[in-house]
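Q: Okay, handing you the structure first.
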Amino acid sequence: MINKIESVENKDRFYSVIMISILLMFLMPIGKINPTTETQKQMEYEEMRKEALFYARSCGIKGDSEVIKRAFDYSVRFCMRWELVVRWIHSESSFIPSATSCADAKGLTQLMDATANYIGKILVYSGMIGLTLKEEERLRQSKYNLYKVEDNLLIGFAYLKFLSLCSENPEEALARYLAGKRWLEFLDSRYVQHITDGKPIICESIL
């Protein structure tokens, strides 16, 4: 009899342990169950960056590998097509951070100081994307450097994304990026066509 009672108690204890374990599985964050998940994601993303670099090289881009990969990071952050981004930045600066045009447009995405300041304010106050504290501080105080890769890409991508939201198609957004108020004159320009149609790109920046 005693053995039977002990057997029942052991069974109850066993079932209790099972139920608690199942409950914990549902309550515990997935990352806790599988600690390799985050590492796996990082490895997969790094593989995507390598593929992005390979695509850029296949388009004849000769810029620094890390600069190209950072541009890919921002294309992901702003949800912009990588093939268009590659042609856009190459047309602007050949992926050279120190590029400067005769009109004094600066850096990878060829930004004018006044434009960068305006877009910086939009980024801070619109909530278009989530900014880090450091990014927000630099933009709020206009302490960015347009020849610095991170600063230039952040503002340049934000500018093109903003124009994309105000435009009917990529051609219009690119024409607005290039010519501002005179964008209608540039819808069929070589700049717009070379970025959108996939033909060989010509860089027009002065280094």
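The values are calculated or read from the model by the stated rules, or taken from the named source; none is laboratory data. All values derive from a computational prediction rather than experimental measurement. Every residue, glycine among them, receives a Cβ derived from its backbone with ideal geometry; neighbour counts consider all protein chains shown.
Q: Going through the stretch 82-120 one residue at a time, which ones are farther than 12 Å from LEU153 by Cα and free of Cβ contacts under 8 Å to residues at least 40 places away in the same chain?
A: Result: TRP82, VAL86, ALA103, ASP104, MET112, ASP113, ALA114, ASN117, TYR118.
Q: A follow-up question, please. Inside the stretch 29-91, counting only helices (runs of 4 or more DSSP H) that do not spill past its ends, which hold 1 or more residues that are modelled with pLDDT of 95 or more?
A: Passing ranges, in order: 37-58, 65-77.
Q: If you scan the stretch 105-119, which residues turn out to be touching a helix residue (DSSP H, G or I) at 6+ places or on another chain (Cβ under 8 Å) and not aliphatic (A, V, I, L, M)?
A: Once the filter is applied, which keeps residues that are touching a helix residue (DSSP H, G or I) at 6+ places or on another chain (Cβ under 8 Å) and not aliphatic (A, V, I, L, M), the stretch 105-119 yields LYS106, GLY107, THR109, GLN110, THR115.
Q: What's the total number of residues in the stretch 168-185 that are of a type in the set (Asp, Glu) and surrounded by 15 or more Cβ atoms within 10 Å (Cβ to Cβ)?
A: 2
Q: Mind telling me which of the residues LEU154, LEU160, LEU123, LEU184 ends up being free of Cβ contacts under 8 Å to residues at least 24 places away in the same chain and hydrophobic (A, V, I, L, M, F, W, C)?
A: Among LEU154, LEU160, LEU123, LEU184, only LEU184 is free of Cβ contacts under 8 Å to residues at least 24 places away in the same chain and hydrophobic (A, V, I, L, M, F, W, C).
Q: Consider ILE202 against the criteria (1) surrounded by fewer than 20 Cβ atoms within 10 Å (Cβ to Cβ); (2) among the hydrophobic types (A, V, I, L, M, F, W, C); (3) modelled with pLDDT of 90 or more: it satisfies all of them except one. Which criterion is unmet?
A: Of (1) surrounded by fewer than 20 Cβ atoms within 10 Å (Cβ to Cβ); (2) among the hydrophobic types (A, V, I, L, M, F, W, C); (3) modelled with pLDDT of 90 or more, only one is false for ILE202: (3).
Q: Test each condition in (1) under 22 Å from LYS148 (Cβ atoms); (2) surrounded by 13 or more Cβ atoms within 10 Å (Cβ to Cβ) for ARG87 and report the one that comes out false.
A: ARG87 satisfies every listed condition except (1).
Q: Picking from LEU139, LEU165, LEU108, which residue would you name as being in the same structural domain as ASP64 (by TED's automatic domain parsing), within 17 Å of MET80 (Cβ to Cβ), surrounded by 11 or more Cβ atoms within 10 Å (Cβ to Cβ) and not β-branched (Val, Ile, Thr)?
A: Step by step, each of LEU139, LEU165, LEU108 is checked, and only LEU108 is in the same structural domain as ASP64 (by TED's automatic domain parsing), within 17 Å of MET80 (Cβ to Cβ), surrounded by 11 or more Cβ atoms within 10 Å (Cβ to Cβ) and not β-branched (Val, Ile, Thr).
Q: Condition first: acidic (Asp, Glu) and free of Cβ contacts under 8 Å to residues at least 24 places away in the same chain. Now tell me which residues in the stretch 126-150 satisfy that.
A: GLU135, GLU136, GLU137
Q: Looking for whichever is touching a strand residue (DSSP E or B) at 6+ places or on another chain (Cβ under 8 Å), hydrophobic (A, V, I, L, M, F, W, C), assigned by TED's automatic domain parsing to the domain that holds ARG77 and surrounded by 12 or more Cβ atoms within 10 Å (Cβ to Cβ) here; the options are LEU153, LEU146. Which one fits?
A: That would be LEU146, the only listed residue that is touching a strand residue (DSSP E or B) at 6+ places or on another chain (Cβ under 8 Å), hydrophobic (A, V, I, L, M, F, W, C), assigned by TED's automatic domain parsing to the domain that holds ARG77 and surrounded by 12 or more Cβ atoms within 10 Å (Cβ to Cβ).
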